[in-house]
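The values are calculated or read from the model by the stated rules, or taken from the named source; none is laboratory data. Everything numeric here is computed off the predicted structure, so don't read it as measured data. Keep in mind that these areas ignore ligands, DNA and RNA; they rest on the heavy atoms of the full protein, side chains included. Shrake-Rupley method; radii C 1.70, N 1.55, O 1.52, S 1.80 Å.
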Amino acid sequence: VSATHDGYVADFGYLHEREVDLNEAGTRIRGRDVVSASGKNVKHIPESLSAVARFHIHPLIELSQINEETALLRAPDGTCWQFSIPGRTLAITDDIFMANASGPRRSQQIEVAFDLPEVREIRWFLDRKA
């Protein structure tokens, strides 16, 4: 799956594209986020810009950091997935889940900070653990 949005073009001059691939066995999800200069309707692209990629986690998922590049996601049934972002540093931060009728609930997210235009691509993986 590949998707692009232009929500950052008007203010910052950047497009965001995300590609997501699932292996045949269903045990590995490979992701790639690319941020690129748009060139259309851009008044000014900042010389340097701090950005954060966020991966919002459902409130029922227990999230723990293994090392600076890796986090473990554990579902209530014990199923575990490992999120890794080689060569980058991730942080686990508080978030709010508002996707259902029960109202807002506390949750967590994985954040990956980067600076544009130095870093324009982030690759990440979700691997199912036995």
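Summary of values
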item: Whole-number accessible area per residue in Å² for the chain, which is evaluated in the context of all protein chains at 1.4 Å; result: 64 Å²
item: The chain, relative contact order [Cα under 8 Å, separation at least 6], %; result: 26 percent
item: Cα point-scatterer Debye curve for the range 4-130, base-10 log of I(q)/I(0) at q = 0.14, 0.15 Å⁻¹; result: -0.72, -0.81
item: Per-residue HN-Hα couplings for the range 55-71 [Karplus 6.51, -1.76, 1.60; θ = phi - 60°; Hz; x = Gly/Pro]; result: 10, 7, 10, 4, x, 7, 8, 7, 10, 9, 8, 8, 7, 5, 10, 9, 10
item: Separation of alpha-carbon centers, the range 81-98 and the range 3-17, rounded to whole Å; result: 22 Å
item: Protein accessible area in the chain, 1.4 Å probe - carbon and sulfur %; result: 50 percent
item: Structure-based [θ]222 nm, the chain - -39500 (n - 2.57) summed over DSSP H runs of at least 4, per residue, nearest 500; result: -500 deg cm²/dmol
item: The range 85-92 - phi-based ³J(HN,Hα) in whole Hz, Karplus 6.51/-1.76/1.60, Gly and Pro as x; result: 9, x, x, 10, 10, 10, 9, 9
